[in-house]
Each structure stands twice: as C-alpha cells, then as structure tokens.
Amino acid sequence: MALCLGQVFSKDKTFRPRKRFEPGTQRFELYKKAQASLKSGLDLRKVVQLPEGESINDWIAVHVVDFFNRINLIYGTVSEYCTERTCPIMSGGLRYEYRWQDGHGYKKPTKLPALKYMNLLMDWIESLINNEDIFPTRVYLSPRTSSRCARRS
C-alpha cells in the first residue's frame, strides 16, 4: 500500500523530518564544524570545544538541534515497538516514573503511556527549537555597533 508524503510527514506520525540549518548561515557553518569534530576521533574535549571566534550560544544551539535530530531517529525506531499496551507508563526502570505536566492540557503531573509522553515531549522540544525568541536563526552585523545581534524576522 503506497503512502503519500503528506501521510508520512504528518504531525500525528512518529517519524519527524530532521531540522536543518540553512546553507550560507552562521549556524550551518557551525554545524559543519561540529560534524567534522565528531568525525575527528574520540577525544571528547576536542569534540565539544568551542571553535575560536564563535559564539557559545550559537555553538550550544547547533548541538541542541543536532541532539534533537539524533534522539528523534532513535525515538522513531523505538516507537514502532512501544504501544499504549506494551508501554503503559513512561518510566526509567523500576524506580522512576515520569509524569507529564505542561500547564495547559496537563495542569498536574499526569501518568501517561510512554508513547503519548514521548509525543508530547518531542512536540514541546520542537516548539522550543522553532521559537525565534529562544533560538534566533537570523544573525546580522549591526551598522552602529558592528557586533553580532540576533534578529527576529
């Protein structure tokens, strides 16, 4: 049975397309540096080291988005086997149970099936990553100060 792209990339599905950095932007260049450093070996100090002359906020933002993309791939694989019946609670082993609270739909910590919890969590993280106030994507040089400034579109 063939699926159209609208069905595959539906927000109700567990697979989500990767977030990408626009080529030519500063964050795209930082992403390329991050990928190169990850392939350079296993020295974690070097992998996470801030490149000279780069903003710590941009460097962290690039890694947050990359981490989200990687977790998203793992989540997409695991979610095929974790249903409301097989994973009735979101837990971290036998000792820990996670409950969802967002102040909107869930005003109090609420026990949820793992799949529902993860869907809400991934949606919440994605909304933060897409929030220009938290992760501005446009950077320009101010004519008055010649310094880097984040700018909302």
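The values are calculated or read from the model by the stated rules, or taken from the named source; none is laboratory data. Please read all numbers here as calculations on a predicted model, not as lab measurements. Methodologically, a virtual Cβ is constructed for each residue, glycine included, from the backbone with ideal geometry; neighbour enumeration extends over all protein chains shown. The protein model used for the area step is the full one, side chains on, heavy atoms only, and it has no ligands, DNA or RNA in it. Shrake-Rupley method; radii C 1.70, N 1.55, O 1.52, S 1.80 Å.
The set of residues from region 90-99 being open to solvent by less than 80 Å² (accessible area, probe 1.4 Å) and more than 23 Å from the chain's Cα centre (by Cα) comprises just one member, G93.
In region 77-101, the residues that are free of Cβ contacts under 8 Å to residues at least 24 places away in the same chain and of a type in the set (A, V, I, L, M, F, W, C) form Cβ pairs under 8 Å with partners that are assigned to a loop (DSSP other than H, G, I, E, B) and open to solvent by less than 50 Å² (accessible area, probe 1.4 Å), at six or more places apart or across chains, as follows: W100/M90; W100/L112.
The rows are residues; the columns are (1) open to solvent by less than 40 Å² (accessible area, probe 1.4 Å); (2) over 25 Å from P109 (Cβ atoms).
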position: P51; (1), (2): yes, yes
position: I60; (1), (2): no, yes
position: F68; (1), (2): yes, no
position: L73; (1), (2): no, yes
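The residue that is modelled with the lowest pLDDT, counting only those in region 30-67 that are more than 26 Å from L128 (Cα to Cα) and acidic (D, E), is D43.
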